[in-house]
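Peer 1: Sharing a structure, written as structure tokens. Questions coming.
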Amino acid sequence: MATVSPSYREGGWGWAVVLACFMTEFIICGSLKAIGVLITYMKEDFGTELWVVGSIVSLHYAVQSIMCPLAAALAPKFGVRALVLVGSALYGVGLVVSALTHSIAILALAFVVIAGTGVASVLEITHAELAYYFREKYPLAAFLTFTGTPVGMMLLGPITQVLVDTYGWRGAMLLLGGVSFHLVVAGMLIRRPPNSYQAVPDHEEQLTIDGINSPGQSKKEVKPNKSKISNLWTSVFSALGLEVFVSAEFMILATIRMLYSIGYGGVVVYIVPNGLALGLSAKEASFLTTAWGVGNLAGLVLLASAMHVKLVSVRSAEGIAVSVIAVGFALEPFVSPFVGQILTAFVVGAGLGCAIEGIFVMTRCLPFGDDKFVSVLGWQTFLSGVAAAIGDTVSGWLSDATGSFHATFFLYSATMAAIVLCLLVDAIRIYSTTGSSKQRGLAVLMPSLFKKDSSTSFERVPIQPNTN
């Protein structure tokens, strides 16, 4: 069988897809930060309680997480570009309607259902398209993508305050809706390559990893003489990508991302209130989010550079990052000086930036074909959203019950320590597995990141024509 060099296109139009991913991170995450600035003004305008508006924002985030698996199932049916364009329009319409309505019920419908569904149809769906263009350069692509989050949060938050002072919260929200329509432009950049490279085993018998076909191959079984119920279940199982739960690697990484989401949501919500509780002024506490954002960007740069020069493996980098975060969270409620709070926020932000990039790089290496990557991200996002909702509830209860943020940040520190345990469990699983190490998911897909050679061969395999 004729083979070619074991590499993807490693760029080309993929860099335009990276730009689209950056735009989605910048606009969606930046807008979420901007909404946090508007919450108080919205409460006063609607004449309701703060928890009501806060619950609407929380439900918006919950819907975008819960709907991700459904969006991943619809993408192959209707086309990725079409789904992203519709989702982008829904998000913009949701924000515009939220700015114009005077009913709290319509606000909830627009922001939770319309805008939330729009985000679910855009964010992870766009990220999944990077798998068709990058393998060895995926860490670089992920770095460029995720820089959109801290940049968006650092820019749109302060800009929104200026817009509120100038036009009021409704004018600011309306302008955010207009900016969000630029996601339609980002969606137009989504295009798959006409061909992709897929791994083929060295012999005719197909190898499996944890019950899943080898990397680059999607399991497709045709079993005649099934009952209608069995056929229906098989169709649903395949459409929703439920086979990802069979993989031990996926379950471990999904657990890691769930634990990460608990800590990430906590620092975004409580970093400023914790600073105020330690005696910082409102102006001083406002700089904590900026320090966190700068640190987050620095962490992304640090990990991307380290992996580019192969200084450290992605697993080792992940372990170091979450260990630093665990220490930072543990110290957060005890460091009262302004400079100390700034440094702690910077370090925690840097660790979180390293950690999320490492999680996505390891997710890219799971033993599934490129066409299943969207399902992997969809279910990871669903599980992480559920975990974040539970974590926010528990941490809020701890804060109210104890009257301080000590227990809350200890909880976040414990979640980061639990990630270290997950990495250790996965390392034990890998080294205890019999057979050639070349056939284990992470090592076979990204040998350069793990300082191991791989003789896996690749062949050019046409994928389904894409009309997006």
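The values are calculated or read from the model by the stated rules, or taken from the named source; none is laboratory data. Quick caveat, the model's predicted, so the values are computed rather than measured. So basically every Cβ, Gly included, is an ideal-geometry build from the backbone, and we count neighbours across all protein chains shown. To get the accessible areas, we keep the full protein, side chains included, count just its heavy atoms, and leave off ligands, DNA and RNA. Shrake-Rupley method; radii C 1.70, N 1.55, O 1.52, S 1.80 Å.
Peer 1: Would you be able to tell me the number of residues in the stretch 343-363 that are open to solvent by less than 10 Å² (accessible area, probe 1.4 Å) and either small (Gly, Ala, Ser) or over 25 Å from Val272 (Cβ atoms) (or both)?
Peer 2: 11
Peer 1: Checking the conditions here, which among Ser432, Ser384, Ser375 is crowded, with 20+ Cβ neighbours inside 10 Å and farther than 19 Å from Gly265 by Cβ?
Peer 2: Exactly one residue qualifies, and that residue is Ser375.
Peer 1: Next up: Taking the stated definitions as given, is His60 in contact with a helix residue (DSSP H, G or I) (Cβ under 6 Å, 6 or more places away or on another chain) and not small (Gly, Ala, Ser)?
Peer 2: Considered against the rule, which asks whether it is in contact with a helix residue (DSSP H, G or I) (Cβ under 6 Å, 6 or more places away or on another chain) and not small (Gly, Ala, Ser), His60 comes out as yes.
Peer 1: Run down Tyr8, Tyr41 and say which single residue is under 30 Å from Leu300 (Cα atoms), surrounded by 15 or more Cβ atoms within 10 Å (Cβ to Cβ) and either modelled with pLDDT under 85 or not small (Gly, Ala, Ser) (or both).
Peer 2: None of the other options fit; the residue is Tyr8.
Peer 1: Go over the candidates Ala186, Ala298, Ala254 one by one and state the one that is within 30 Å of Ser55 (Cα to Cα), modelled with pLDDT of 80 or more and in contact with a Phe, Trp or Tyr (Cβ under 8 Å, 6 or more places away or on another chain).
Peer 2: Being within 30 Å of Ser55 (Cα to Cα), modelled with pLDDT of 80 or more and in contact with a Phe, Trp or Tyr (Cβ under 8 Å, 6 or more places away or on another chain) holds for just one of Ala186, Ala298, Ala254, which is Ala254.
Peer 1: Just to be sure I understand the filter: pairs with C-beta atoms under 7 Å, separated by 6 or more residues or on different chains, first member in the stretch 391-420 and farther than 20 Å from Ser323 by Cβ, second member assigned to a loop (DSSP other than H, G, I, E, B) and open to solvent by 20 Å² or more (accessible area, probe 1.4 Å). Which pairs pass?
Peer 2: From the stretch 391-420, the pairs are Ser399/Phe405.
Peer 1: Is there any pair linking a residue in the stretch 326-342 that is under 12 Å from Ile271 (Cα atoms) to one that is of a type in the set (Gly, Ala, Ser) and at pLDDT below 90, with Cβ under 7 Å and at least six apart or on different chains, and which?
Peer 2: Phe329/Gly263; Pro333/Ser404; Gln341/Gly275; Ile342/Ala291
Peer 1: Still on this structure: Only one of (1) of a type outside the set (Gly, Ala, Ser); (2) part of a helix (DSSP H, G or I); (3) open to solvent by less than 20 Å² (accessible area, probe 1.4 Å) is not met by Leu297, so which one is it?
Peer 2: Failed condition: (3).
Peer 1: Tell me the residue from Gly168, Gly118 that is on the phi > 0 side of the Ramachandran plot and assigned to a helix (DSSP H, G or I), please.
Peer 2: After applying the criteria, what remains is Gly168.
Peer 1: While we're on this one: I'd like to verify a number: residues in the stretch 307-342 that are more than 25 Å from the chain's Cα centre (by Cα) and open to solvent by 30 Å² or more (accessible area, probe 1.4 Å), how many?
Peer 2: 8
Peer 1: Tell me the residue from Leu95, Leu50, Leu107, Leu70 that is open to solvent by 60 Å² or more (accessible area, probe 1.4 Å) and more than 26 Å from Leu242 (Cα to Cα), please.
Peer 2: Checking each option against the conditions leaves just Leu50.
Here is a yes/no grid of residues against (1) within 24 Å of Gly293 (Cα to Cα); (2) within 15 Å of the chain's Cα centre (by Cα):
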| site | (1), (2) |
| --- | --- |
| Ala105 | no, no |
| Thr117 | no, no |
| Leu130 | no, yes |
| Leu155 | yes, no |
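Peer 1: Same structure again: Condition first: modelled with pLDDT under 85, outside any helix (DSSP H, G or I) and buried (at least 16 other Cβ atoms within 10 Å of the Cβ). Can you find one or more residues in the stretch 389-400 that meet it?
Peer 2: Within the stretch 389-400, not a single residue is modelled with pLDDT under 85, outside any helix (DSSP H, G or I) and buried (at least 16 other Cβ atoms within 10 Å of the Cβ).
Peer 1: Can you tell me which residue in the stretch 119-164 is nearest to Leu240 (Cα to Cα), limited to those that are without any contact (Cβ under 8 Å) to a residue 40 or more places away in the chain and aliphatic (A, V, I, L, M)?
Peer 2: Leu163
Peer 1: Now for a different question. Across the stretch 151-173, what is the total count of residues that are closer than 24 Å to Val84 by Cα and crowded, with 19+ Cβ neighbours inside 10 Å?
Peer 2: Here the count works out to 4.
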